[in-house]
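Note sheet for the following structure.
The values are calculated or read from the model by the stated rules, or taken from the named source; none is laboratory data. Just so it is clear, the model here is predicted, and its values are computed rather than measured. Here the Cβ is made from the backbone with ideal geometry for all residues, glycine too, and neighbour counts use every protein chain on show. The accessibility values were calculated without ligands, DNA or RNA, using every heavy atom of the protein model including side chains. Shrake-Rupley method; radii C 1.70, N 1.55, O 1.52, S 1.80 Å.
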Amino acid sequence: MIPKQQVLGFLKDYDPESITVATVCSHSSLQIFDGARKEGFKTLGICTGKPPKFYDAFPRAKPDEYLVLESYGDLMERAGELRKRNTIIVPHSSLIAHLGKENYLEIPVPVFGNRVAIEWESDRAKECKWLLGAGTQMPRKIDNPHDIKGPVMVEYEGAQGGKGFFVAKNYEEFNELVDHTRKFTIQEFITGTRYYLHYFYSPIRNEGYTLSRGSLELLSMDRRVESNADEIFRLGSPRELIESGINPTYVITGNMPLVARESLLSRIFSLGEKVVEESLNLFGGVTGAFCIEAVVMDSLEIKVFELSTRIVAGTNLYISGSPYSDLVQKQLSMGRRIAFEIKEASRTNQLDKILSRSSMRYYYKK
Amino acid sequence: MIPKQQVLGFLKDYDPESITVATVCSHSSLQIFDGARKEGFKTLGICTGKPPKFYDAFPRAKPDEYLVLESYGDLMERAGELRKRNTIIVPHSSLIAHLGKENYLEIPVPVFGNRVAIEWESDRAKECKWLLGAGTQMPRKIDNPHDIKGPVMVEYEGAQGGKGFFVAKNYEEFNELVDHTRKFTIQEFITGTRYYLHYFYSPIRNEGYTLSRGSLELLSMDRRVESNADEIFRLGSPRELIESGINPTYVITGNMPLVARESLLSRIFSLGEKVVEESLNLFGGVTGAFCIEAVVMDSLEIKVFELSTRIVAGTNLYISGSPYSDLVQKQLSMGRRIAFEIKEASRTNQLDKILSRSSMRYYYKK
Amino acid sequence: MIPKQQVLGFLKDYDPESITVATVCSHSSLQIFDGARKEGFKTLGICTGKPPKFYDAFPRAKPDEYLVLESYGDLMERAGELRKRNTIIVPHSSLIAHLGKENYLEIPVPVFGNRVAIEWESDRAKECKWLLGAGTQMPRKIDNPHDIKGPVMVEYEGAQGGKGFFVAKNYEEFNELVDHTRKFTIQEFITGTRYYLHYFYSPIRNEGYTLSRGSLELLSMDRRVESNADEIFRLGSPRELIESGINPTYVITGNMPLVARESLLSRIFSLGEKVVEESLNLFGGVTGAFCIEAVVMDSLEIKVFELSTRIVAGTNLYISGSPYSDLVQKQLSMGRRIAFEIKEASRTNQLDKILSRSSMRYYYKK
């Protein structure tokens, strides 16, 4: 990974009055540009081929300029241009996917957040270490099918983007449905309802490993719309479907808004807090936007099945505010919150805390 | 119940320029505090142990002060303090649950709304009398299982908070699934989609949608998110699940927004109107926020299965307004509407109409 | 259909400073009136019997005046009155249903949009010609049951408003479930999740048959709430239900908000664009609000199953803006967008482009 000192070196040449916020034109770019503009930044849309035509239909979110590439890999060579524009990249998962993890970790441009978090998120063993270290409850892994005691979610090796899974209500059904010629992993199926919790952690408001009041915010939550699982009940039960050769799949196609019982908020904040604190211990800390993907059970326990260490697309629902962010500040999207953090950090000379923030401490710790 | 005259007596010593809105820190307190502040009131959060840390993350909703108790029962002794602060309590169901119904009816502090409504809501026989008297259609109770002609919802004695229910599609299935060693009640299962309708009845307003003694508003609606029933179709049909020993449950974990067909609005208002009118006849009237919990069938008939006589948590979705309240006033949450009602009643010297409003008439009637 | 010249003739006598926006009091009238008022128009609510009382509860949306009819058919005779008020009718599907298609095509009053579009929408063969001409993918029609290879949706002749359908997972199930004494049509059942996409096409921003940038907007999207299909999974799988004599039905009772993955937006815009361009070729073009009703599959392909050529009720969710329209202009509902288009067209002397816009070209083409 690019050394922190190098990133801080770039910043010395930056004009703090003329920072450009850049991201790849996808995923959550509309709100990132909209938020950046509202906080007074210039905006730059990175794309390949040609600028997406549909941006013209959203004048408030259209970036001031585009950086048009032949392929996203070219971005590495264009880093100098980006730095000349005093650019801070706001990453999202499409940007990382297009750029590749290696390039993302190395690109010689300041990036909002802690880049190293991607390594803790994308490696399942590290993610578990982090989440379990934070004291969260996760769906149990089941190594031996004979240990199946209740419903399970089975994932075939190579499953990707929501396909290659099946559920079974018990061992018998697992046994009937599983394709024994393929490799698979088994995980407890948690019965409950899904909540994707959108947090924002501000290192410049925090003063230690135990989070200060107000340094962790909850800006919104959503439920992902998954195709075809979300509506396939209209055709049959999972069992009936599989027997007809039809497979429920979990590909994300969008998001729906929701709120949680207010009495769950203490638990939701405490969950977020522990996840941040453990990340501070492990790798210098998740920074800015992150998302905990959870199931709320009928016991009101919260089980965590996944984590994202940057802005998630579910926040696209809340471009003009959410039932939670409205209590922080009017019309506060996650994109705008990120821009505001950059502005505040710049104003108070703390950009080092939010850009590649933790890599040094991380390397020292190792 | 505390006599109305006594409550009115308290008000004589109140400084109308310095009223405090208080509630227990849970359920819908964020919007109650946010709304009260927007209408110019001081706010007081009642809690046990210590103030919830997460309020710091919502600066616009954080109450000005806290009243920290060892246990909620202590609130009775602290009534004097509350009155010294010119406090009006805005109740929600967590407040009543924590305080206990008896204390709620007796606490010597002005409470927004008609306290006696709780007796008509929490007693199923009274609730039916009210709803049927209002001409609403309710799911039929079935005393003898042999009378089961279609789908039913069965509730075991002692069922609580969404657990202890099962559905059956017909008599045969009922018979197979029921645990005959337990006591149960049977109710028709209405096929349709759920709508939770958030009304506000103002006894002091005589313009707008007028009733015989006030006016009615519809501020929003929601669908409750119930765990695990809302997503358990991903695992199997109810039948398949029960055969695997997995029970669908109906514990509320949150809320999703929705709107109804505009052509249903006439019916929805007429429903609310009749419910208010009947409550005026029976016990002096539901006052302020109330919610009708309904199923809209494919015939577009509305069946009512429950009633709440105060602010419901589904309104938490609409802290900055809803597709309905936006047509009443910009950024009008239910919490703010309540605060506005207190302000208007105070300004026009009609607090007697919205605080313990109807107890006297109720006692006269008995 | 009324000749375009006649409509343009009416406009010569109109006072552009005093236009009245009128519609029937149902469907999406609240936002049409609210939007029209925000853009400075007078508003007129058309109703039978007496004005709906519930409008009084929505002061910001209540029309300035009502035109109270004995029956909607009387509107034809009252056309003169409407013109005297400089009225432009904004149609919605209830208005067309109440008035009747013939009257709608003939009524001698300016109507927003291209009236002839109704003929292309309501005739299934024409609709297919349009959609397939636009290169959209639609569910396949299956003429011979023996060609059923996967899940199907079967519609009995005379099915109306969401009733008279059933689904089958394969040929065997179709065969078991179908009532052979009735006539039916069979269509491929697309597994995925439903999105109703709310577009606005502005002819006054466009300059040709290939859409100019910015002339097509996407203002919002929703998912329809269908009774009883949306919640009947709580009772059983479709198969189990039908075997118990319970029929899933698809009657629209309301709408829920959602957003789509940002990476789908290019495809969504391209879809809308092709649909508009083909309509320009076929009949002079859909004008203003239209809706594409689609299923997004787990392959992220979009299949189109229906089209509406005017404002749809799903936009009622977004009376104060949506996550998409907020990026066009603050607090922009579809109702307001329509009013703004009328204002702009009037200001720039282009009303001919948005009122019965295309009938002439259409007749020339035939």
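Based on the Cβ-Cβ distance of residue B:155 and residue C:123, what FRET efficiency does E = 1/(1 + (r/R0)^6) give at R0 = 41 Å, to the nearest 0.05? Provide the component values of the computation, followed by the final result.
Numbers: r = 50 Å, r/R0 = 1.22.
Efficiency, rounded to the nearest 0.05: 0.25.
Multiply the residue gap between residue A:71 and residue A:170 by 0.36 nm, knock off their C-alpha separation, and tell me the result in nm, one decimal place.
On the way: separation 99, 0.36 × 99 = 35.64 nm, distance 4.71 nm.
Using 0.36 nm per residue and subtracting the Cα-Cα distance, I get 30.9 nm.
If you roll a 1.4 Å probe over segment A:62-208 with all protein chains in place, what percent of the accessible area is carbon or sulfur? Taking all protein chains in place, segment A:62-208 shows 46 percent carbon and sulfur surface.
Summed over the residues of chain C and divided among them, the accessible surface reaches 36 Å² per residue at a probe radius of 1.4 Å.
Farthest towards the positive end of the charge dipole of chain B, among the residues B:89, B:281, B:348, is the Cα of B:348, using unit charges on the Cβ of Lys, Arg, Asp and Glu.
Straight-line cross-link partners of residue C:353 among the lysines, defined as a Cα under 18 Å from its Cα and at least 8 positions apart when in the same chain: C:4, C:12, C:343, C:365. For segment B:269-297, heavy-atom accessible area (probe 1.4 Å) falls by no less than 30 Å² from the chain alone to the full protein assembly at B:269.
All Cα-Cα distances of chain A, cut into 20 Å bins from zero to the largest, leave 28, 56, 16, 0 percent in each bin in turn.
Within chain B, the longest run free of GluC sites (Glu not before Pro) that sit in a DSSP loop with at most 12 other Cβ atoms within 10 Å is B:208-366.
Please work out the FRET efficiency for the pair residue B:329 and residue A:347, using the Cβ-Cβ distance as r and a Förster radius of 45 Å; give the result to the nearest 0.05.
Details: r = 36 Å, r/R0 = 0.80.
The pair residue B:329/residue A:347 has a calculated efficiency of 0.80.
Inter-copy label distances at residue B:171, shortest first and taken from points set 7 Å along Cα to Cβ: 4.0, 4.0 nm. For residue C:238, the shell of other residues with beta-carbons less than 11 Å away shows a net charge of -1, using +1 for Lys and Arg and -1 for Asp and Glu.
To the nearest 100 Å², how much accessible surface do chains C and B hide from each other in total, with a 1.4 Å probe?
Values: alone 17250 and 17090 Å², together 30290 Å².
By this definition, chains C and B bury close to 4000 Å².
Place a +1 charge on the Cβ of each Lys and Arg in chain A and a -1 charge on the Cβ of each Asp and Glu, then give the dipole magnitude about the Cα centre in debye, rounded to the nearest 20. Present the calculation step by step, with values, prior to reporting the outcome.
Numbers: 47 positive and 47 negative charges, 215 e Å.
The dipole of chain A has a size of about 1040 debye.
Taking every DSSP helix (H) stretch of at least 4 residues in the protein assembly as shown, weighting each as -39,500 (n - 2.57) and dividing the sum by the residue count yields a mean residue ellipticity at 222 nm of -8500 deg cm²/dmol. Here the label points at residue C:301 and residue A:106, each 7 Å from Cα along the C-beta direction, are separated by 3.9 nm in the simple model. Taking label positions 7 Å along the Cα-Cβ direction at both residue A:243 and residue B:140, the computed distance is 3.2 nm, reported to one decimal. Assuming a ≥ b ≥ c are the square roots of the Cα gyration tensor eigenvalues, decide whether segment A:4-112 counts as rounded (a/c under 1.5), prolate (otherwise, with a/b larger than b/c) or oblate. Oblate shape, in that a/c is at least 1.5 and b/c is the bigger or equal ratio. Place a label point 7 angstrom from the Cα of residue B:13 along the Cα-to-Cβ direction, then list the residues of segment B:95-128 whose backbone nitrogen is under 19 Å away. Backbone N within reach: B:106-112.
Counting only Cβ charges, +1 for Lys and Arg and -1 for Asp and Glu, the dipole size of segment B:141-188 around its Cα centre is about 140 debye.
Please state the charge dipole magnitude for the protein assembly as shown, taken about the Cα centre, from unit charges on C-beta atoms (+1 on K and R, -1 on D and E), reported in debye and rounded to the nearest 20.
Details: 141 positive and 141 negative charges, 608 e Å.
Using only the charged Cβ atoms, the result is roughly 2920 debye.
What lysines sit close enough to residue B:141 to cross-link, taking a C-alpha to C-alpha distance under 20 Å and skipping anything fewer than 8 places away on the same chain? Within reach: B:126, B:129, B:149, B:163, B:169, B:183, B:303.
Annotation: amide H-H contacts under 5 Å for residue A:355 (H modelled 1.01 Å from N, sequence separation of 5 or more, or interchain): A:113.
With each label modelled as a point 7 angstrom along the Cα→C-beta vector, the residue C:147-residue A:281 pair spans 6.4 nm. Distances between copies of residue C:97, taken at a point 7 Å out from Cα along the Cα→Cβ vector and listed shortest first: 4.0, 4.0 nm.
Could you grab the Rg to Rh ratio for segment B:77-232? Cα atoms only, Kirkwood for Rh. Walk me through the intermediate numbers first.
Working: Rg = 20.1 Å, Rh = 19.3 Å.
Radius of gyration over Kirkwood radius for segment B:77-232 works out to 1.04.
Classify the protein assembly as shown as rounded, prolate or oblate, taking a ≥ b ≥ c as the square roots of the eigenvalues of its Cα gyration tensor: rounded when a/c is under 1.5, otherwise prolate if a/b is larger than b/c and oblate if not. Kindly include the intermediate steps, with their values, before the conclusion.
On the way: a/c = 1.17, a/b = 1.00, b/c = 1.16.
Rounded, since a/c falls under 1.5.
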